[in-house]
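Notes follow the structure.
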Amino acid sequence: MTSDDVAVAVPGRVNLIGDHTDYTGGLALPIAIDRWTTITGTRSDRIQLRSDDEPVVALVPGDEPPSGWTRHVHAIATLLAERTGWVGLHGTITTTIPIGAGLSSSAALDIALALACGADMTPHELIALASAAERHATGVPTGLLDQTAIVHARDGHATVIDVASASIAHVPVPPDAEIVIRHVAQRTLAASGYTQRVRECAAIEQQIGPLATATLSQLDEIDDDVLRRRARHVITENARVRSAVDALAACDLVAFGALMVDSHRSLAEDYAVSTAAMDDAVASALATRGVLGARMTGGGFGGCIVMLVEPGSEVDGWRVRPVDGPC
């Protein structure tokens, strides 16, 4: 490989617990998974990228308006030009991360693009750039969970993310904990109620202050029943992340599994981001021998469920393991 050759591989992620907490400065417990988006090519004075999965070629500068995955290419190029300057790339993108499954395929793409185009940044700067690119490309006001989970991932560990304090910690995943992902239904955050949930949380914080530090006793201050249920999910989900970290550290997988079940119930009933198909998939998983816990994962409205299972259990899905991030 010459100095102009590029090869970058960035993993996807699955969130074990702590969903819809990041955009209010809360807690999450994800892992990066052994599914990657890979970019190979040669540095150039412009961007020309082909995807193994899509017929469209991404060109920057280019005459055609960007669409689909090429919007991410244009977003990264624009932001890099504004912040750091950038070099181009002629190359190819491949991925083993299922698209639209809630496993951060777009975040992995943004981070891989930034690194392949020569971004020389601290982890904090890379997270900020990739997060801004996601919002620029999709128009969805997503938080920092996906990018932080990927950039700070450590092999064999889950990452404890406190968004409000920007603190990161790692807790080992016990070797007898098997993590299985099952894809249930395709989803697109841009067409979901994700943005509405962000707005609802903003309205809640206007009434009771930061949700990241709110307590259940403050729910009585919220008059609207829908907003009260949204707040209850965020408050209890942050508490579940703390308990899940303790359970993982103690290798108490039964307790961890029970917290996953509680999390799904909260996401389905209080936050209303699950679907009938997702609920059925979780119920089916929990009825399967060897499954200790199951929940929807990611932004919701489709995507995947994640299961914690006993070793050797016959459970349908992709078995994944925690891997290192790209930095």
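The values are calculated or read from the model by the stated rules, or taken from the named source; none is laboratory data. Not measured: the values here are computed from a predicted model. Note: ideal-geometry Cβ built from the backbone for every residue, glycine included; neighbour counts use all protein chains shown.
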Worksheet item: Do we have any residue at all in region 262-282 that's without any contact (Cβ under 8 Å) to a residue 24 or more places away in the chain, closer than 24 Å to Ile97 by Cβ and not aromatic (Phe, Trp, Tyr)?
Response: yes
Fill in: Candidates His124, His90, filtered to the one that is of a type outside the set (Gly, Ala, Ser) and out of contact with any strand residue (DSSP E or B) (no Cβ under 6 Å at 6 or more places or on another chain)
His124
Worksheet item: If a residue has to be among the hydrophobic types (A, V, I, L, M, F, W, C), assigned to a strand (DSSP E or B) and surrounded by fewer than 23 Cβ atoms within 10 Å (Cβ to Cβ) to count, how many in region 1-26 make the cut?
Response: 4
Worksheet item: For the subset of region 27-70 comprising residues that are of a type in the set (Asp, Glu) and without any contact (Cβ under 8 Å) to a residue 24 or more places away in the chain, which member is surrounded by the most Cβ atoms within 10 Å (Cβ to Cβ)?
Response: Glu54
Item to complete: Identify all residues within region 149-177 that are farther than 20 Å from Leu211 by Cα, crowded, with 17+ Cβ neighbours inside 10 Å and either at pLDDT below 90 or of a type outside the set (Gly, Ala, Ser) (or both); write none if there are none.
Response: Ile150, Val151, His152, Arg154, His157, Thr159, Val171, Val173
Worksheet item: Which residue out of Gln218, Gln186, Gln196 is out of contact with any Leu (no Cβ under 7 Å at 6 or more places or on another chain), assigned by TED's automatic domain parsing to the domain that holds Ala294 and at pLDDT 95 or above?
Response: Gln218
Worksheet item: On the given criteria, is Arg289 more than 20 Å from Arg13 (Cβ to Cβ) and among the charged types (D, E, K, R)?
Response: yes
Worksheet item: Given the conditions (1) within 18 Å of Arg13 (Cβ to Cβ); (2) buried (at least 24 other Cβ atoms within 10 Å of the Cβ), which single one is not true for His124?
Response: (2)
Discussion item. It is to be established whether one or more residues within region 288-310 are among the charged types (D, E, K, R) and under 29 Å from Tyr23 (Cβ atoms).
Written reply: yes
Worksheet, complete the sentence: Residue hits (region 83-120; modelled with pLDDT of 90 or more, under 25 Å from Ile31 (Cα atoms) and outside any helix (DSSP H, G or I)) are Ile93, Thr94, Thr95, Thr96, Ile97, Leu103, Ser104
Discussion item. Among the listed residues Ile31, Ile39, Ile97, identify the single one that is out of contact with any Asp or Glu (no Cβ under 8 Å at 6 or more places or on another chain), farther than 30 Å from Gly193 by Cα and not assigned by TED's automatic domain parsing to the domain that holds Arg295.
Written reply: Ile39
